[in-house]
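A.B. asks: Before we start, here is the structure in question, set down as structure tokens.
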Amino acid sequence: MTILAASAQEAPTSIRLQLTTLAWEKPIKGLYFQNAGKAEELKAYSGGFSMPFSYEGDAIIRFYSDIEILALPLEERPPPIGIAQLGPSLKHALLIFLPHGDASYQILTHDFSQQTFPTNSCRIFNFSGMRVVFAFGDKPITQAIDPNEITVIAQNDLADHNQMVKVQLAQEGQETLRLVYRSTWRFDDQARTSVFILPAPNEHGSVKMRKFVQRGLRPREEMNPY
């Protein structure tokens, strides 16, 4: 999986795809962009992913706090407060909005299609700066994830298929692994789980986790409104 960094370069052609958003700290209001030639307000929430919506336009999406700016020619507009770069092969992209202190946003873009992130699986982003290990099931299937690595783990081969699955998370210590999380998660063919492993700010050498579940998905299908 590759994070597509924002760029100020012009995109050569128009693209069409599905977008889903996530506001990393708090819901976003009053942020506007151009979609299919019309000004549109962004919907992004911090408690979970937005509903997917159709996007058509430039592969570089520029976001502004004033809707009137979008009526200006591109060369007359002030700098945007956020830029998202979309790859031409994407069918469904996730945009994660990380706020800056100057009221602007860094926007991370990830492939969100079911071809790369299917139902009945979880995708783990290890942004903790240390190696972590997940264990799934009664007879644990383990998966080590290095710093800055993004891994998709399917539940299909586990014994308790489409049921509650035991999940454990350990972090790499100086000499051995240290268990930091234990719970049960449900996996099924109409849902998928996104997990972000982050450094714990007040616990030296530890990690914390943010988990988001999407339900009611159609397995192995990609919505195509065009």
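A.B. asks: Among the listed pairs Lys29/Lys208; Lys43/Lys139; Lys38/Lys211; Lys29/Lys91; Lys43/Lys166; Lys38/Lys208, which have their C-alpha atoms separated by more than 30 angstrom in this model?
C.D. replies: Check vs 30 Å cut-off fails for Lys43/Lys139; Lys38/Lys211; Lys43/Lys166; Lys38/Lys208.
A.B. asks: With Cα Rg over 2.2 N^0.38 Å defined as stated, name the option among (i) 1.06; (ii) 1.11; (iii) 1.30 computed from the structure displayed.
C.D. replies: Evaluating Cα Rg over 2.2 N^0.38 Å on these atoms matches (ii).
A.B. asks: Still on this structure: Take every DSSP beta bridge with both residues inside the chain and express the antiparallel ones as a percent of the total, to the nearest 5.
C.D. replies: Bridges in the chain that DSSP calls antiparallel: roughly 80 percent.
A.B. asks: Still on this model: Taking GluC sites (Glu not before Pro) as candidate sites, keep only those in a DSSP loop with at most 16 other Cβ atoms within 10 Å, then name the longest stretch of the chain containing none of them.
C.D. replies: Here the longest run is 26-148.
A.B. asks: Mind ranking 123-130, 141-148 by how tightly packed they are, going by the mean number of other C-beta atoms within 10 angstrom, highest first?
C.D. replies: With the highest mean Cβ count within 10 Å placed first, the list reads 123-130, 141-148.
Just so you know, all these numbers are worked out from the coordinates, no wet-lab data involved. As the structure is a prediction and not an experimental result, all values here were calculated from the model. Using ideal geometry, Cβ is built from the backbone for each residue, glycine included, and neighbour counts are taken over all protein chains shown.
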